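Notes follow once the structure below has been shown.
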Amino acid sequence: MKVFIEKLDDFGRGIAHVNKKVVFVKNALPKEVVEIKIIKDKKSFSEALIVKVLGVSNKRVFDVCPYFNICGGCHLLHLDYDDTLIFKQTKIKELLKKNKIDYEKEIDIVKSDIPLNYRNKISLKIENKEIGFYQENTHKLIPIKECVLAKSSINEVIKNSYLLNLENANLTIRSNYNDEILLIINTCEKPNIELDKLKEKIKLVGIVFNEKTIYGNNFFYERLNNKLFKVSFDSFFQINLNIASKLFDFILDNIRDDSKVLDLYSGVGTLGIVASSKALKVYSVEIIKNAVLNGIFNASLNKRNNIKYILGDVSNLVNKINEEFDTLIIDPPRRGLDKNTIDFILRKKPSKIIYVSCDANTLMRDLKKLEDSYEINDFKIMDMFSFTYHVECMCILNIKDR
Ligand SMILES: C[S@@+](CC[C@H](N)C(=O)[O-])C[C@H]1O[C@@H](n2cnc3c(N)ncnc32)[C@H](O)[C@@H]1O
């Protein structure tokens, strides 16, 4: 069947219509004519794969990665980098419009200086000694030799992964500013790693094997914007250092001198530590114990004595927070804010909210709930997840005049 691709949807899939029914075509680009094979046929939509591109878009980019289209990790590698940014801007503009959220100004997009080989953490499967990713929505292993989104220090680990002597395992590889490597392995097997040979190939700082540290440390240090952060194997750190650096700068620009800051979902304390150089006091809340311990350590490492760390679930803790604050930093996981947290914000009404979001849909939902009390002063897309459909946003909300 031959179809004409009209535009891209939020997931970077081409949209076409057949007999008035919408068809989502993976990896097709606007204005292309493609021959398709339907793989899912529902009442209101179908999903299809390309059999052949008959009329190729002049925007199409070829051969960036041999696994594109197969492993499903990237969604936009068939576009030029600047066109992926236009896709993200359009996606956000359309979501704002669909949700009837007022924002008249232009939406800035902060480009990455390193749009490929940027990821400092990837999780892989090892099955029957082969290493790779599961194909999207399946348990089918796609063996890989490298990943174009991952830092080259991570690709070096993939190349030498045979030295791990693992038959079946989950492997997470993390790499820091200095290309040092932390390996996190979960498996039913016993460790049989050729350590000396591995250490000749990569800057190995630690191996956590089934939650036990069997070599080096279970953490490393990350350096960013003249700050140093201890990061445990199970603590979050932004996956794109180049964009994280720009995010830190924007956070600092938006902190008033002598303000009191509440930093919810604080990870190893990064954004709170950035804010603490201007703020009088910072309160940071995080659910992962090691991340909170890292935060306490990082505050003293960076010579800060105005931060208090609170361990626990934001949703439960907000009702117990009695500290005064005028600025709220929120950087939640993809699910965004729950009802308790929204109610807490609307009750406390801090004068400024800095909302860092990695999921545009939950961000829109939360902005809608805050719109009676807050106006959006600045909306930026930070291209944290280059060449994927994921969009990181930073919104500055100011309280409306009462
Ligand atoms: C997107 S990360 C942001 C971390 C930090 N702001 C940063 O920039 O590095 C979200 C963080 O929220 C934490 N988290 C997830 N659910 C939580 C909850 N219910 N309460 C507190 N923290 C939570 C995660 O462990 C993670 O560290």
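A short reminder: the numbers here are calculations on the coordinates, not readings from a lab. Because the structure is predicted, anything quoted here is derived from the model rather than measured. Heads up, the Cβs are rebuilt from the backbone with ideal geometry, glycines too, and the neighbour counts pull from every protein chain shown.
Values computed for the structure shown
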item	result
Diffusion coefficient, µm² s⁻¹, Stokes-Einstein with Kirkwood Rh over alpha-carbon pairs of the chain at 10 °C and 1.306 mPa s	69 µm²/s
Karplus 3J(HN,Hα) series, Hz, for the range 26-34 with 6.51 cos²θ - 1.76 cosθ + 1.60 (x for Gly, Pro)	5, 6, 9, 10, x, 6, 7, 9, 10
Calculated P(r) tail over 18 Å for the range 1-59, as whole % of Cα pairs	20 percent
Percent of C-alpha pairs per 10 Å bin, the range 40-166, short to long	10, 29, 32, 23, 6, 1
Within a Gaussian network of the chain (alpha carbon springs, distance under 10 Å), most fluctuating of 147, 358, 188	188
Net +/- balance of residues flanking residue 13 in space, Cβ distance below 9 Å, scoring K and R +1, D and E -1	-2
Residue order, fewest to most surrounding Cβ atoms within 10 angstrom, among 1, 384	1, 384
Anisotropy class of the range 259-349 from Cα gyration tensor, a/c 1.5 cut	oblate
5 Å-binned pair-distance histogram of the range 121-221 (Cα, whole percent)	3, 13, 26, 28, 20, 8, 3, 0
Computed E for residue 60/residue 252 - FRET, C-beta separation, R0 30 angstrom, nearest 0.05	0.15
Sorted by Cβ density within 10 Å, fewest first, the residues 335, 174, 365	335, 365, 174
Neighbour count of at most 16 Cβ within 10 Å plus DSSP loop: longest chymotrypsin sites (Phe, Trp or Tyr not before Pro)-free window in the chain	178-402
